[in-house]
Amino acid sequence: MHGVPHALKKHKLGKLSKTQKRPSALFGGLLCSSCRSDVMQEAVLCMDGQKSLNQTGLREKKWVEMAIQSIKR
C-alpha cells in the first residue's frame, strides 16, 4: 500500500510510531485510488451545489458525506 513503510526490516518497522505506520491519504486503506478520486469529485460537486447529495449513488453516498465533513474542517 502506498504511503505506508513496508521496505523496512521487521524489527525496525515495529519501532515506528503508530502514526508513521498509517496511510496519510483520505480514505487510505479503505478505498482504492480510483474509487477515492470518484468520491472526492462527487463531494466537490455536492459542495459547489452542482449536484445534490441525493443524486449520488447509494454506494458512494456514505463516503461522499464523510468526505464533505472532512473537507469542511
For the chain, what's the relative contact order in percent, using C-alpha pairs closer than 8 Å and at least 6 residues apart? 24 percent
Which of Gly49, Gly28, Gly14 moves most in a GNM of the chain, Cα contacts under 10 Å? Gly14
Report, in degrees rounded to the nearest 10, the 0 to 90 angle that the Cα long axis of helix 33-48 makes with the longest principal axis of the chain. 40 degrees
Principal-axis tilt of helix 58-72 within the chain, Cα atoms, nearest 10 degrees: 80 degrees
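Would you mind checking Lys9/Lys62; Lys9/Lys72; Lys21/Lys72; Lys21/Lys61; Lys10/Lys61 for any pair whose Cα atoms are more than 32 angstrom apart?
On the way: Lys9/Lys62 37 Å; Lys9/Lys72 39 Å; Lys21/Lys72 26 Å; Lys21/Lys61 28 Å; Lys10/Lys61 39 Å.
Over 32 Å Cα-Cα: Lys9/Lys62; Lys9/Lys72; Lys10/Lys61.
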Within the set of other residues whose C-beta is less than 15 Å from the C-beta of Thr56, count the net charge using Lys and Arg as +1 and Asp and Glu as -1. 0
Candidates for Rg and Dmax of the Cα atoms in Å are (1) 17.9, 68; (2) 11.0, 30; (3) 15.9, 50, and the calculated one carries label (3)
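Read the figures in this text as sums done on the coordinates, not as results from a lab. Being a predicted model, the structure only gives us computed values, none of them experimental. Please note: Cβ atoms are built from the backbone with ideal geometry, for glycine as well, and neighbour counts cover all protein chains shown.
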